[in-house]
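So the structure is just underneath, and the comments pick up after that.
The values are calculated or read from the model by the stated rules, or taken from the named source; none is laboratory data. All of these numbers come straight from a predicted model, not from anything done at the bench. Reconstructed Cβ throughout: ideal geometry from the backbone, glycine too, with neighbour counts over all protein chains shown.
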């Protein structure tokens, strides 16, 4: 009897911590978004590698500035074209599979780019790279509606999107290192492509499944997410007389302001990402090694800024801040400060001043990474991927147009002045469009 009592007591004592652990939600949802951060980072390294290596590639293939603009733009032709189709696919099938399959495909396309010998071949493979990368952000937006609650999406959106700045920041020194280790710009492209494939395979172990099917999610986290999603989507469906369809979004002010704001954000960001290294080389006299360090500082500031903006948004809301007040304030600050810093760049008198202004501009510009929380905020759950694709289509049309426009401006004027003024104007548009979005109301059939 004594031995039985001791065994029973031991079993009871061992079960208490287990029960306590089961009562505490796991944090698998944040592991998923850290993995998505890793994927968006390598996604942007793949985009940035060509911009950083462009001075060497341009010399090797004898490309003039207008052709360089076409090359830098060509990625976005395939990328933008596929945004709405992949958003529809993400809404109907598993976004986790779509993301990982995309990573493997774009890694292969990047690797093949290291073997090009003509501008036509280079443009073709950049278009193919854009098509392969296209599922990343619409699927990531869909993952927000699956894995995060409404009050967590500020951090989720900025984790997803901060890979844009982090990848661009790391792309500079990584490209330069690969160029030194692997024999120039060709080796850099091949090396980054192979690295992408490895990261894609590793990430699959983390992001696969849903809260209902992922074995690492405990009951407490599963119930926490289920309850929050039921409250969010059921409360927004009360009073609807008919099912919301895609056509209803095209009649809604929130949708169009979201697209305009995101277009403005990307005009500035993609403009600086594609032409920033050349700007620093031509106007500030920096060599390729110094450019790599400058890009790391500038876009590294963007990473810190974006994560800061997401943290402020969620914490402010947790303390009772009204959703519209929080989002309007942060997005207006983002647009106004970035516009001011880029305009001041036209008066820059030294490389230090130029890099400092760009760091401040990117820090605040990337607060607008909060835009990636908007599709899950204004869309019905079954449309989040599609609306994310529409927003990213609009944003990446800026990627199509901006490099070409800047290329022609530089080619015809011999200066970056008008390009910087253009970026400042779009900073103001970003602030204005954001003010007209009502973040408290989902689009519904009327």
Test: residue 207 is in contact (Cβ under 8 Å) with a residue 40 or more places away in the chain and either buried (at least 22 other Cβ atoms within 10 Å of the Cβ) or out of contact with any helix residue (DSSP H, G or I) (no Cβ under 9 Å at 6 or more places or on another chain) (or both): yes
In region 292-336, residues that are touching a helix residue (DSSP H, G or I) at 6+ places or on another chain (Cβ under 9 Å), part of a helix (DSSP H, G or I) and closer than 22 Å to residue 439 by Cα total 27
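Each row is one residue, and each column tells you yes or no for (1) closer than 19 Å to residue 275 by Cα; (2) at pLDDT 95 or above; (3) within 19 Å of the chain's Cα centre (by Cα); (4) surrounded by 24 or more Cβ atoms within 10 Å (Cβ to Cβ).
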{"site": "335", "(1), (2), (3), (4)": "no, yes, yes, yes"}
{"site": "339", "(1), (2), (3), (4)": "yes, yes, no, yes"}
{"site": "347", "(1), (2), (3), (4)": "yes, no, no, no"}
{"site": "354", "(1), (2), (3), (4)": "yes, no, no, no"}
{"site": "369", "(1), (2), (3), (4)": "no, no, yes, yes"}
- Message: When you scan region 436-444, do you find a residue that is part of a helix (DSSP H, G or I), touching a helix residue (DSSP H, G or I) at 6+ places or on another chain (Cβ under 8 Å) and either under 30 Å from residue 281 (Cα atoms) or in contact (Cβ under 8 Å) with a residue 24 or more places away in the chain (or both), even just one?
- Response: no
Among the residues in region 374-382, are any more than 26 Å from residue 134 (Cβ to Cβ), over 19 Å from the mean Cα position of the chain (by Cα) and surrounded by fewer than 21 Cβ atoms within 10 Å (Cβ to Cβ)? no
Expected single match for modelled with pLDDT under 90 and touching a helix residue (DSSP H, G or I) at 6+ places or on another chain (Cβ under 9 Å) among 157, 169, 132 is 169
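Conditions (1) within 16 Å of the chain's Cα centre (by Cα); (2) surrounded by fewer than 21 Cβ atoms within 10 Å (Cβ to Cβ); (3) at pLDDT below 95; (4) not in a helix (DSSP H, G or I), marked per residue:
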| position | (1), (2), (3), (4) |
| --- | --- |
| 76 | yes, no, yes, no |
| 80 | yes, no, yes, no |
| 85 | no, yes, yes, no |
| 88 | no, yes, yes, no |
| 91 | no, no, yes, no |
| 102 | yes, no, no, no |
| 108 | no, yes, no, no |
| 116 | no, yes, yes, yes |
Of (1) surrounded by fewer than 23 Cβ atoms within 10 Å (Cβ to Cβ); (2) within 22 Å of the chain's Cα centre (by Cα); (3) over 30 Å from residue 211 (Cα atoms), residue 58 satisfies every one except (2)
If we ask which residues in region 406-421 are in a helix (DSSP H, G or I) and either on the phi > 0 side of the Ramachandran plot or crowded, with 18+ Cβ neighbours inside 10 Å (or both), their number turns out to be 6
